[in-house]
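A.B. asks: The structure is given below, and queries will be raised subsequently.
Quick note: the coordinates plus some simple rules give every number you see, no bench work behind them. All values reported here derive from a predicted model rather than from experimental measurement. Backbone-built Cβ (ideal geometry, glycine too); neighbour counts: all protein chains shown.
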Amino acid sequence: MTDYRADFDIPRDLCYLNAAYMTPLTHRQVAIAQEAAVRMSQPWDVRQVDFFTQSEAVRARAAQFFGAQSDNIALVPSVSYGLSIAVRNLRLAAGQAILVLADQFPSNIYPWRRLAAETNAEIITVQAPDDQDWTKAILSQIAALQDRLAIAAIPQVHWSTGLQIDLAAVGDAIKAAGAQLVLDLTQSLGAVPFSVASCDPDFVAVASYKWMMGPYSTGFLYVADRHLDGIPLEENWIARRGSEDFRRLVDYQDGYQAGARRFDVGEKSNFHLMPVLEDGLAWLDRFAAGEIELRLRDVTAALAVSAERAGLKPAHCAHRSANILGLFVGADAAQIAARLQDLGVAVTARGETIRLAPHLWVDQVDLEHFGDAIMRI
Ligand SMILES: Cc1ncc(COP(=O)(O)O)c(C=O)c1O
């Protein structure tokens, strides 16, 4: 078996189960980041074409993870940035509803709160279901709202519990209700297969520093064809038609670059981070579709067995994702996470849940390390 741990600089006595917090850069990415910094010490070698080539390569690689075309992908620095673009371009009338999930990540809450307040619309929060079946709970809320539902803004995998939502089923119900679908796939894309064909979302935002193996401050926004003539958040020069020709930048243009490029963040060429991001996507690219999910499912299953043996309650296997395993431990969650940390196991406590988020660097030694630590606690 390939030793993926060797690609990363993770100390042997650390069991790092925190990919949902942040993924470490690989050794190669660190070298590439250093090269990029050196290159920027010599800007006389930066050519005009370089403002476009690397970002286009990243866009093309990223598009594959969405099952989309490059033209539908914008380069954004964060989920909040991407979702602010969605807010600006969706239909919503007074009295209509925006559906979100309880305890959803705040970047996928605050933009909707502002929009709802400005429009006199209502946020409807689906409560965490006792049986852990978010899909059923969401479908029943959609049915209850009927044509009042304007927007559903949800994830594929809940960031704190790892419970997974069947986006194809939800997408069908949203379509039938005539509503719009916005996704935050930060805690799944790269680890869990996805295709826009499965649910036809309007917008999909992803931060890349977790499961997309990218550096912090980079991300993607998928924009459906029907929004490609929308209004960007900012009016940056490089997003305008003809910006490749630096001699003619003051021949101001009303038109934009093709497709979703109009929504790109300013200075999208990001000479320091783009090469690092491209290499992270290339690291993921070596795996066949679904292969990472399959491998991670084995890892989370092994972690669940250890947790159960120690008397803890892992998320139900029928509803949990392959990449994030929630342990429902109650009020002691923060204390247990701190004790795991003391024993060299990095996890996160969120509310009453401990979140285990392994990636392919987790090996047999790590699994035994976790098993011993949780048993001792
Ligand atoms: C589900 C989810 N969305 C988004 C983010 C990051 O949001 P932003 O890029 O706006 O900082 C996180 C970070 O933990 C997250 O877990």
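A.B. asks: With a bin width of 10 angstrom, please list the P(r) values of the range 142-184 as percents of all Cα-Cα pairs, from the 0 bin to the one holding the largest distance.
C.D. replies: Taking all Cα pairs of the range 142-184, the binned fractions are 29, 52, 19, 0 percent.
A.B. asks: Something else about it: Mind putting a number on the dipole of the range 1-69 about its Cα centre? Charges go on the C-beta only, +1 for Lys and Arg and -1 for Asp and Glu, and I need it in Debye to the nearest 20.
C.D. replies: In total the dipole reaches around 140 debye.
A.B. asks: For Arg240, which sequence-distant residues (separation of 5 or more, or a different chain) have an amide H within less than 5 Å of its own amide H, given hydrogens modelled in the peptide plane?
C.D. replies: Gln257
A.B. asks: Kindly give Rg over Rh for the range 1-142, based on alpha-carbon atoms, with the Kirkwood expression for the hydrodynamic radius.
C.D. replies: We get a ratio of 1.07 for the range 1-142.
A.B. asks: Nothing charged except the Cβ atoms of Lys and Arg (+1) and of Asp and Glu (-1): what's the magnitude of the dipole of the chain about its Cα centre? Round to the nearest 20 debye.
C.D. replies: 340 debye
A.B. asks: Moving on to the next point. Could you list, bin by bin from short to long, the percent of Cα-Cα pairs of the range 246-344 in 5 Å steps?
C.D. replies: Histogramming the range 246-344 at 5 Å steps yields 2, 9, 11, 13, 11, 9, 11, 10, 8, 5, 4, 4, 2, 0 percent.
A.B. asks: Highest GNM mean-square fluctuation, the chain, Cα pairs closer than 10 Å: which of Arg12, Arg247, Arg295?
C.D. replies: Answer for the Gaussian network model of the chain: Arg247.
A.B. asks: Amide H to amide H under 5 Å from Gln180: which residues, 5+ apart in sequence or cross-chain, H placed 1.01 Å off N in plane?
C.D. replies: Here the answer is Ile151, Ala152, since their amide H atoms fall under 5 Å of that of Gln180.
A.B. asks: At 222 nm, what helix-only mean residue ellipticity would the chain give, in deg cm²/dmol to the nearest 500, using -39500 (n - 2.57) for each DSSP H run of four or more?
C.D. replies: Value at 222 nm, helices only: -10500 deg cm²/dmol.
A.B. asks: Full-extension gain between Arg309 and Ala94, please, as 0.36 nm times their residue separation minus the C-alpha to C-alpha distance.
C.D. replies: 72.2 nm
A.B. asks: Next question. If neighbour count is taken as other Cβ atoms inside 10 Å, put Ser78, Ser140, Ser188 in order from fewest to most.
C.D. replies: Neighbour counts put them in this order, fewest first: Ser140, Ser78, Ser188.
A.B. asks: Turning to a different aspect of this structure: So between Ile123 and Gln335, what do we pick up on full extension, going 0.36 nm a residue minus the alpha carbon distance?
C.D. replies: Gain on extension, Ile123 to Gln335, equals 73.0 nm.
A.B. asks: What spacing in nm lies between the two simple spin-label points modelled at Glu293 and Thr2, each 7 Å away from Cα in the Cβ direction?
C.D. replies: Distance between label points: 1.9 nm.
A.B. asks: Given the convex hull of the Cα atoms of the range 151-241, what is a quarter of its surface area in nm²?
C.D. replies: Projected area, direction-averaged: 7.1 nm².
A.B. asks: Could you derive backbone 3J(HN,Hα) for the range 324-334 from the dihedral phi with the Karplus parameters 6.51, -1.76 and 1.60 (θ = phi - 60°), listing whole Hz in sequence and x where the residue is Gly or Pro?
C.D. replies: 10, 10, x, 10, 8, 10, x, 5, 7, 3, 5
A.B. asks: Given all pairs of different Cα atoms, what value in angstroms does the Kirkwood hydrodynamic radius of the chain take?
C.D. replies: Its Kirkwood hydrodynamic radius stands at 21.7 Å.
A.B. asks: Please identify every one of the trypsin sites (Lys or Arg not before Pro) in the range 175-242 that sits in a loop by DSSP and has no more than 15 other beta carbons within 10 Å of its own beta carbon.
C.D. replies: Arg241
A.B. asks: Now, a different point. Whole angstrom only: what separates the Cα centroid of the range 55-116 from the Cα centroid of the range 281-341?
C.D. replies: Cα centroid of the range 55-116 versus Cα centroid of the range 281-341: 26 Å apart.
A.B. asks: May I pose another question? Return the sequence-ordered ³J(HN,Hα) values of the range 78-91 in whole Hz as given by the Karplus equation 6.51 cos²θ - 1.76 cosθ + 1.60 applied to θ = phi - 60°, using x for Gly and Pro.
C.D. replies: The phi angles translate into 6, 5, 4, 5, x, 6, 5, 5, 4, 3, 6, 10, 9, 8 Hz.
A.B. asks: Can I ask one more? Taking H placed 1.01 Å from N in the peptide plane, check which residues at least 5 places from Ile123 or on another chain put their amide H under 5 Å from its amide H.
C.D. replies: So Ile123 has HN proximity to Ile98.
A.B. asks: Can you run phi through the Karplus equation (6.51, -1.76, 1.60; θ = phi - 60°) for the range 114-120 and list ³J(HN,Hα) in whole Hz, with x for Gly and Pro?
C.D. replies: Taking θ as phi minus 60°, the curve returns 5, 4, 5, 5, 6, 9, 6 Hz for the range 114-120.
A.B. asks: Considering only DSSP beta bridges whose two residues both sit in the chain, what percent are antiparallel, to the nearest 5?
C.D. replies: 55 percent
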